[in-house]
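A short write-up of the structure that comes next.
The values are calculated or read from the model by the stated rules, or taken from the named source; none is laboratory data. Note that the structure is a prediction, hence the values are computed from the model and not measured. A quick note on method: Cβ atoms are made from the backbone with ideal geometry, for glycine too, and the neighbour counts reach across all protein chains shown.
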Amino acid sequence: MLTYTMKRVIFPLGCLLVILSSYFLGRTSSLTWMILAGALFVASIYGERRYPVLQKIQWIFLGIFHYFSELNWCNMLYYLLIMTMIQNKQRVEQTLPISLLLVLQYTGIRLSYVTIDAYTLSVSLFDLLTAIVIIFLYHTLVNNEAEKRRLREKNQFLTLHDPLTGLLNYEGYMNALQETAEKQRSFLLILLNIQNFNGFNKEVENNWSTIIAGTGESISKHFADAYGISRYAGDRFSIILPEVAGIEERMSTMQTTDLKGLQVTYSISIYPETAETLQQLITIAEERLFQAQRSKWIKNEEEIYRSERLRAVGELAAGMAHEIRNPLTAIRGFLQLSRGQAYNIAPWYEVIMGEVIRVTDLTAEFLQFSKPQAHLMKPERLGHCLERVLSLTESDAASRGHRITLEMTGESVVVNMDRDKIVQVLINLIRNAFEAMKDPGEVRIGLLHDGEEALISITDTGSGIPENALATIFDPFYTTKEEGTGLGLALCQKIALDHHGKITVHSEIGNGATFTLHLPMGA
């Protein structure tokens, strides 16, 4: 396509060539009129930008110039004028009529100074066909160039922009930072991290894409004055802003309106106040964002821990109330019966005392659900602890007809613990093993260490634990014993957790059960 500069060069040269050719070939009948018409045509070319109306009458000046030059070489000027008149039109139906009219003008003027015969008419027809072919070729070329330009622009856009949100990508983000630093003396850099989608289904990709795209739209809406906004990494966005007041309020508004339900962490840095170079600014901004995320993670963990503790306390309290209500109901019933016998409770004394003892045992075990005292936690050798447990349980084993054995590694295994609490756990587990064996059996106690962990196993030869009960045996108030409180194993697991350990169980019906106490080893 012809530019304005090219037109100012080509048309004057073309007119000069036609004038000289027509003069030296003796074709013109009026040199003055030819020069005047050529001058008007060239003048209209030079003045069309200031006076656009001249574009609409250039064909008249060209026709007069052609008429007085009486030279077929003017067809070059006609084709050039056609190109200038149709170059901004995209469709063939818009350009073909203009082209044919100019070609018909050229043909009519040409026929005024040549002999009309079959050859001349054939040439005229050929000129019309040539014009049509040129128009189609021109449109093909223009459309191809336009398509190439669109592809280049799209490729350039994709190079610097994120296809999901339309915002700048990492490369565009870095370019925007560089350009802003060169043009502006100072600016704000805000980094955002989006997390914790409420109701987010990770298996549905479109859900995630919709949330990210919506987040980009919200940021663009609330920070329309930004020098640049980018999604530069997954769930992370950046905003380059002029130094303005009220940024915290705008962030808060965006979070409570458009980003409600999302967990947004952000950091704000100022250039060049925060750092002297862009690389330092990015590093500091990322570090601040990480620290903000870390603080939020810690806060969330504390909230989760607090809520879990409250839930556990609620479950314990509900269970405790249920378990205490049963013996209290029995006691009340027997007292009501005694009223009819002058409050003589002798017939029910043993039952009432049994229920009172049951309530006492429940409350005593319930009070055990507390953290070990910090001053009682100290490094202790597990071997000494197990020897004490063995001495405390041997007589009970003998009275039940059971045999108890202890196997320990020769190495010294030291654990930071409240020794009395651990002894309590082990005695509880051993007594449970005794009660699990209806016939005389054997309880094996083993001690070994696996890496940084000490393992104490207690294995019995009882009937085993049903598979459906393994998941609930550590739940408070779960028991299979007629007179059990259901707090024993729950308390043991609680003590193990307080020591940063745990209790696991493995059992097969008919082959007994093995309870293993895991404790982290100390120095």
When only residues in region 124-136 that are aliphatic (A, V, I, L, M) and modelled with pLDDT of 85 or more count, which is farthest from LEU80 (Cα to Cα)? LEU125
Just name the residue that is nearest to LEU177 (Cα to Cα) out of those in region 269-283 that are outside any helix (DSSP H, G or I) and of a type in the set (S, T, N, Q). THR277
Test for ALA131: is it surrounded by 15 or more Cβ atoms within 10 Å (Cβ to Cβ) and closer than 30 Å to PRO272 by Cβ: no
So PRO163 fits all but one of (1) outside any helix (DSSP H, G or I); (2) crowded, with 18+ Cβ neighbours inside 10 Å; what number is the exception? (2)
Got at least one residue in region 59-67 being surrounded by fewer than 17 Cβ atoms within 10 Å (Cβ to Cβ) and over 25 Å from LEU137 (Cβ atoms)? yes
Quick check on my filter: what residues within region 196-242 are outside any helix (DSSP H, G or I), more than 23 Å from LEU278 (Cβ to Cβ) and at pLDDT below 85? ASN196, PHE197, ASN198, GLY199, PHE200, ASN201, LYS202, GLU203, VAL204
Look through ILE304, ILE357, ILE331 and report the one residue that is of a type in the set (A, V, I, L, M, F, W, C) and either surrounded by 14 or more Cβ atoms within 10 Å (Cβ to Cβ) or at pLDDT 80 or above (or both). ILE331
Got at least one residue in region 263-271 being closer than 23 Å to GLY214 by Cα, modelled with pLDDT under 85 and in the same structural domain as SER218 (by TED's automatic domain parsing)? yes
Would you say VAL42 is touching a Leu at 6+ places or on another chain (Cβ under 8 Å) and surrounded by 17 or more Cβ atoms within 10 Å (Cβ to Cβ)? no
Matching residues in region 1-33 (small (Gly, Ala, Ser) and either surrounded by 16 or more Cβ atoms within 10 Å (Cβ to Cβ) or in contact with a Pro (Cβ under 7 Å, 6 or more places away or on another chain) (or both)) number 2
Among what's in region 38-89 and is among the aliphatic types (A, V, I, L, M) and in a loop (DSSP other than H, G, I, E, B), pick the residue that is modelled with the highest pLDDT. ILE57
Hand me the list of helices (runs of 4 or more DSSP H) wholly inside region 410-523 holding 1 or more residues that are at pLDDT below 85 and in contact with a Cys (Cβ under 9 Å, 6 or more places away or on another chain). 419-436
